[in-house]
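Remarks on the structure that follows.
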Amino acid sequence: MKLKEKPSRIVFIVINTILLVLITYVCIVPIWHMVMASISNPTALNTHIGLVFWPLRNVDVQAYRIILQYNKLWSSYGNTLLYIVSTCLLTAVLTTVAGYVFSRKSFRFRNGFMMIISFTMLFNGGMIPSYIVMKGLHLTDTSWVLIIPGALSVFNIIIMRTSMENVPMELSEAAKIDGATDLRILWSVILPLCKATFAVIMLFTAVAKWNDYFSALLYLPTRSDLYPLQMVLREILITSTADITSNAADLAESSTIYKKGIEYASIVVSTLPVLCIYPFIQKYFVTGITMGAVKS
């Protein structure tokens, strides 16, 4: 026998459904607008006002052809992938080791050290002191300046430490009885049980590095060949498209007709890899955050 829903429950379901539909609309429409605008007729796009839900007048992929022939875009893609992989490797090593050390109750001064490093989340030197430090270490105008500073995050250490604290100590003690070292315990016992948190930290690090342009703007004043993808996109969106169209003069009738289309196509090209990768690691997202945020 089917139970009758209470009026309050029905109202909740209706309101919840409406809110979820609105949130979905707000999240999907901007992406859909960019894709449709990027393949619209350039003349119609330049005169159109408002959202684009379907290609205007006819499908035109000329903007993508111009973008894909822009050599600086591909070099910046390579730079970004280098920065992401290098930063993720450093983050994996440093965050895992730090989280393991701070999760061990045998570490006598762990609370004191944790207070000291947590202080940096609230107060830091700021942009100018950071630049002076990087310049003093001779890291400016090098690839390392985009890798080393962002390799370790206190927030990630806290998440990893809390996740490791949730692993039963009996497992570590049993491994020690069998003769395992701390490194072996970390690699064979702790990490497999914290892989969801580890995956989320890698996701945070990769997305942050993928979207980072300000570090390049600040620390690479004379090395445009080291620019990441977002910095090149910033140049495309803010400056004119003359440099792009000059590399593909046979594809563009002028330097302005495809300007808006190139802007939209650039955003789509930069967003597409993240959209393709995220569904495969989304299953770890909620689990990893929960394990690293709630202490049992």
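Results, tabulated for the structure shown:
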| quantity | calculated |
| --- | --- |
| Pairs, first open to solvent by less than 70 Å² (accessible area, probe 1.4 Å) in segment 21-36, second assigned to a helix (DSSP H, G or I), C-beta under 6 Å, six or more apart | MET34/TYR264; MET34/ILE267; MET34/VAL268; VAL35/VAL268 |
| Selection from segment 43-54 of residues that are touching a residue at least 12 places away in the same chain (Cβ under 8 Å) and hydroxyl-bearing (Ser, Thr, Tyr) | THR43 |
| Lone qualifier among SER86, SER40 - being surrounded by 12 or more Cβ atoms within 10 Å (Cβ to Cβ), farther than 28 Å from THR197 by Cα and touching a residue at least 24 places away in the same chain (Cβ under 8 Å) | SER40 |
| Set THR197, THR205: member being touching a Cys at 6+ places or on another chain (Cβ under 7 Å), touching a residue at least 12 places away in the same chain (Cβ under 8 Å) and buried (at least 20 other Cβ atoms within 10 Å of the Cβ) | THR205 |
| Verdict on ASN79 being polar (S, T, N, Q), surrounded by fewer than 16 Cβ atoms within 10 Å (Cβ to Cβ) and either at pLDDT below 85 or within 30 Å of ILE148 (Cβ to Cβ) (or both) | no |
| Any chance THR17 is surrounded by 11 or more Cβ atoms within 10 Å (Cβ to Cβ), modelled with pLDDT of 85 or more and not aliphatic (A, V, I, L, M) | no |
| Selection count, segment 73-111, where residues are in contact with an Asp or Glu (Cβ under 8 Å, 6 or more places away or on another chain) and farther than 30 Å from LEU191 by Cα | 1 |
| Where a residue in segment 118-133 is farther than 25 Å from ALA98 by Cα and its partner, wherever it lies, is open to solvent by less than 70 Å² (accessible area, probe 1.4 Å) and in a helix (DSSP H, G or I), with Cβ under 7 Å and at least six apart | TYR131/LEU218 |
| Residues being open to solvent by 40 Å² or more (accessible area, probe 1.4 Å), part of a loop (DSSP other than H, G, I, E, B) and aliphatic (A, V, I, L, M) - total across segment 99-140 | 1 |
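The values are calculated or read from the model by the stated rules, or taken from the named source; none is laboratory data. For clarity, every value in this text was computed on a predicted model and none was experimentally measured. Note: ideal-geometry Cβ built from the backbone for every residue, glycine included; neighbour counts use all protein chains shown. Quick note on the areas: whole protein, heavy atoms, side chains included, nothing else; ligands and nucleic acids left out. Shrake-Rupley method; radii C 1.70, N 1.55, O 1.52, S 1.80 Å.
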